[in-house]
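Everything on this sheet refers to the single structure shown next.
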């Protein structure tokens, strides 16, 4: 596909792909076979006391009078009350089937989860909190973990890093694919088809003609690049060649037969989350993707906290359950890492029945080799982080380490096998290594 038309189509449909600033022109053979990484961001700052770091401190708790535990993981025992969440209780819509309570979620996934409580993000700012939880740094410019993994594992595949929300900075390490429209993605993936949704339908050119067009385009770019003396135009020409070369691989993308369609319009943000999950899973299944971000907003609850936070957390857990179930249905259940975090946590109640920003948060993860039914860290009654022993990770009263996003990111880089790469070395993280994920 001609690069200008490619970008025009992408922009018109809310889909954007960017080529990395620099890349290896040698392309790997075959599709990427995993494992795959999905970073789930609860945008706005969630409240861990309503999930897996419960407390009975009155200034933080109004929705429950006792805490509960499933295995080693504590949770706030809050029922799925649609009326209390402001969700339409009409039984014909069956919205409860799309949501999950803490207990329901732990019954499904607790045996696969590592939960880290008392994570000190060291910020109350949304932007820096989002950056630090997914890169390990508050400063601008650090790439997302998803970008680092994609750049290390398979930067040449056409949808190496897919963004559906959250923090997706790449620092030019890898191409970024922002997807909001399956129809647009279909048109871009299959530019030679009159009807991109019908692989048995007519094409604009015969296979031989389409192959000749691609060959002539490549030869022309190579001639121009050989004549060009300046670095920047040469990089631009190489990026164009890379984008065109990816067309054939992008055509391998298998798309969902049907997108999630939640009736009634009352759970629109969850519907979009689920659709983004479908796209990410199919990018993985087709071998054209490595990592992805998914985001769900609505967690900045400065007012009406108990109603709104409760609703969004039930959506978040329901969406992750859908992601896990859908990935398993596509044969990828044992190949996906799912990491879940937020900007920061929430303060005690304010005078508007809300909660404000608070730097202490939580994080949880699932995936191949990650220990399950595992709790690390904790918080004091006034929501201060409890330090852990660097070796055993048990909470200690002195001479311990407070877990930060940098510790989490160091451990995730090690888990992904990219911690000693040249790419990761360009973006060092302070602190010591903690065995957070085994």
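The values are calculated or read from the model by the stated rules, or taken from the named source; none is laboratory data. Just so you know, these numbers come straight off a predicted model, no measurement behind them. Backbone-built Cβ (ideal geometry, glycine too); neighbour counts: all protein chains shown.
The table for this structure:
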| quantity | calculated |
| --- | --- |
| Helices (runs of 4 or more DSSP H) contained in the stretch 184-298 and holding at least 3 residues at pLDDT below 90 | 207-227, 231-250 |
| Set 339, 332: member being in contact (Cβ under 8 Å) with a residue 60 or more places away in the chain and touching a strand residue (DSSP E or B) at 6+ places or on another chain (Cβ under 6 Å) | 339 |
| Scope the stretch 268-300; condition closer than 22 Å to residue 89 by Cα, touching a helix residue (DSSP H, G or I) at 6+ places or on another chain (Cβ under 6 Å) and either buried (at least 20 other Cβ atoms within 10 Å of the Cβ) or not assigned by TED's automatic domain parsing to the domain that holds residue 90 (or both); matching residues | 270, 273, 274, 296, 299 |
| Qualifying residue in the stretch 33-40 (condition: modelled with pLDDT of 60 or more, surrounded by fewer than 17 Cβ atoms within 10 Å (Cβ to Cβ) and either assigned to a loop (DSSP other than H, G, I, E, B) or not assigned by TED's automatic domain parsing to the domain that holds residue 310 (or both)) | yes |
| Restricting the stretch 144-171 to residues that are in contact with a helix residue (DSSP H, G or I) (Cβ under 7 Å, 6 or more places away or on another chain) and in a strand (DSSP E or B), the residue that is surrounded by the fewest Cβ atoms within 10 Å (Cβ to Cβ) | 164 |
| Residue match in the stretch 304-321 (condition: without any contact (Cβ under 8 Å) to a residue 12 or more places away in the chain, more than 18 Å from residue 161 (Cβ to Cβ) and surrounded by fewer than 24 Cβ atoms within 10 Å (Cβ to Cβ)) | no |
| Residues of the stretch 287-320 that turn out to be within 18 Å of residue 108 (Cβ to Cβ) and out of contact with any strand residue (DSSP E or B) (no Cβ under 7 Å at 6 or more places or on another chain), as a count | 4 |
